[in-house]
1. Between 47, 51, 66, which is open to solvent by 70 Å² or more (accessible area, probe 1.4 Å), modelled with pLDDT of 90 or more and aliphatic (A, V, I, L, M)?
2. Of (1) assigned to a helix (DSSP H, G or I); (2) more than 19 Å from residue 24 (Cα to Cα); (3) among the acidic types (Asp, Glu), residue 132 satisfies all except one. Which?
3. Quick check on residue 61: is it open to solvent by 70 Å² or more (accessible area, probe 1.4 Å), over 22 Å from residue 143 (Cβ atoms) and charged (D, E, K, R)?
4. Output the residues belonging to region 125-147 that are open to solvent by 40 Å² or more (accessible area, probe 1.4 Å), in contact (Cβ under 8 Å) with a residue 12 or more places away in the chain and farther than 28 Å from residue 58 by Cα.
5. Sort out which residues of region 79-100 are of a type outside the set (S, T, N, Q), more than 20 Å from residue 114 (Cα to Cα), open to solvent by 20 Å² or more (accessible area, probe 1.4 Å) and in contact (Cβ under 8 Å) with a residue 24 or more places away in the chain, and write them in order of number.
6. Residues in region 49-70: is at least one under 12 Å from the mean Cα position of the chain (by Cα) and in contact (Cβ under 8 Å) with a residue 12 or more places away in the chain?
Amino acid sequence: MNFNINYEDVDFDSCRATSGLRLANYIIDMIFFYLIMFGLGIVIGILSPSLLNVFDGLMGRLISLLLYGICMSIIEGISNGKSIGKLITGTKAINLDGTDMNFGQAFTRNIIRAIPFNAFSAFGTPCNPWHDRLSNTMVVEEKKIALLKQKETFFDSLKQNQTT
């Protein structure tokens, strides 16, 4: 979907993804991440089974949080703000001004997810968790942005027709 539009004309707050979509993104992304970790665990188990002990207890939880942040950073950085969950739900992470994130912002946004209790910061309406606030990003529904752009194009063409 093309986001090369006049950003001043679009109210991105009205395009924010709902808490339900954000939860769906999270669940899909976690399933995808755990599939990757399962595959990695098999490889580590074959090559060096003693390394699997690192993932036990609190240290394992911290390592998995960091790996999740790194994995999501790479995916969102490469795909301009879309994780697997966002791809499926039709949402996208963007800057507050509507422009695409760069890789550095994707990294910042996703490494903040490693902060304990970050998930609890997503409660509320609108859904604005710490990883969005601290990285100056938001998650929007692409269909809503497309509809707003179509609306503006339609009304611009009506104005032009009235003047001619």
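The values are calculated or read from the model by the stated rules, or taken from the named source; none is laboratory data. As the structure is a prediction and not an experimental result, all values here were calculated from the model. No Cβ is skipped: glycine too gets one built from the backbone with ideal geometry, and neighbour counts run over all protein chains shown. Heavy atoms of the whole protein, side chains included, go into the accessibility calculation; ligands, DNA and RNA do not. Shrake-Rupley method; radii C 1.70, N 1.55, O 1.52, S 1.80 Å.
1. 47
2. (2)
3. Criteria met by residue 61.
4. The answer is 125, 126, 136, 143, 144.
5. Residues satisfying the conditions are 88, 90, 96, 97, 100.
6. yes
Per-residue answers, yes or no, for (1) farther than 13 Å from residue 16 by Cα; (2) at pLDDT 80 or above:
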position: 128; (1), (2): no, yes
position: 133; (1), (2): yes, yes
position: 147; (1), (2): yes, yes
position: 155; (1), (2): yes, no
position: 158; (1), (2): yes, no
position: 161; (1), (2): yes, no
